[in-house]
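Inspection log for the structure reproduced underneath, given as structure tokens.
The values are calculated or read from the model by the stated rules, or taken from the named source; none is laboratory data. Nothing here was measured: the structure is a model prediction, and the numbers come from that model. Please note: Cβ atoms are built from the backbone with ideal geometry, for glycine as well, and neighbour counts cover all protein chains shown. Remember, those area values only see protein heavy atoms, side chains included, never the ligands or the DNA or RNA. Shrake-Rupley method; radii C 1.70, N 1.55, O 1.52, S 1.80 Å.
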Amino acid sequence: MICADLWNPALVHAALLSRPTVLCAPINSASGIVSEEFSNERNWLLNVRFYAMTYGTPVIMANRFGPEGTSHFWGGSCILGPRGETLITAEDAEALITASLSRCEIAKARFELPTHRDADTPLIQQLLAAQLS
């Protein structure tokens, strides 16, 4: 998934059904590029936090930082844990950030979530099969 792909919940859902260990979210987001009323800085974090929490999947979001022409790329790169918690956020500058992810914590977060825990039940499998046929 690259940038705007992450605003399409169907694409993200399809990508996360296979339960990847981590969702990488490279974005190219400038301040005020959508509109003055839409905050890319606030809404990108809300967007990726929702996916991390809903799917129990850590997210690594990387954004550009600095000016280009009349645009300013706000940075905000971050790593979120499997419950949507912020593990680390880049300061307002170019930066290299790292965080440790635990497969055990990912498994625990996923078990707590009906999104994953209940997806393997026979009833859900039957419903999915019926929808596909």
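Among the residues making up region 77-95, those that are among the small types (G, A, S) and at pLDDT 95 or above are S77, G81, G84, A90. Within region 75-93, being more than 14 Å from the chain's Cα centre (by Cα) and under 15 Å from P26 (Cβ atoms) holds for G75, A90. A15 satisfies every condition listed in (1) loosely packed, with under 12 Cβ neighbours inside 10 Å; (2) free of Cβ contacts under 8 Å to residues at least 40 places away in the same chain except (1).
In region 115-133, what residues are surrounded by 11 or more Cβ atoms within 10 Å (Cβ to Cβ) and either at pLDDT 65 or above or small (G, A, S) (or both)? Across region 115-133, the qualifying residues are T115, H116, R117, A119. Only residues that are assigned to a strand (DSSP E or B) and at negative phi were counted in region 65-107, giving 14. From the residues in region 54-64 that are at negative phi and either modelled with pLDDT of 95 or more or part of a loop (DSSP other than H, G, I, E, B) (or both), which one is most open to solvent (accessible area, probe 1.4 Å)? Step by step, filter region 54-64, then rank; the result is R64. Summed over region 4-44, residues that are part of a helix (DSSP H, G or I) and farther than 18 Å from T57 by Cβ total 5. Looking across I79, I27, one residue alone is open to solvent by less than 70 Å² (accessible area, probe 1.4 Å) and under 25 Å from K108 (Cα atoms). It is I79.
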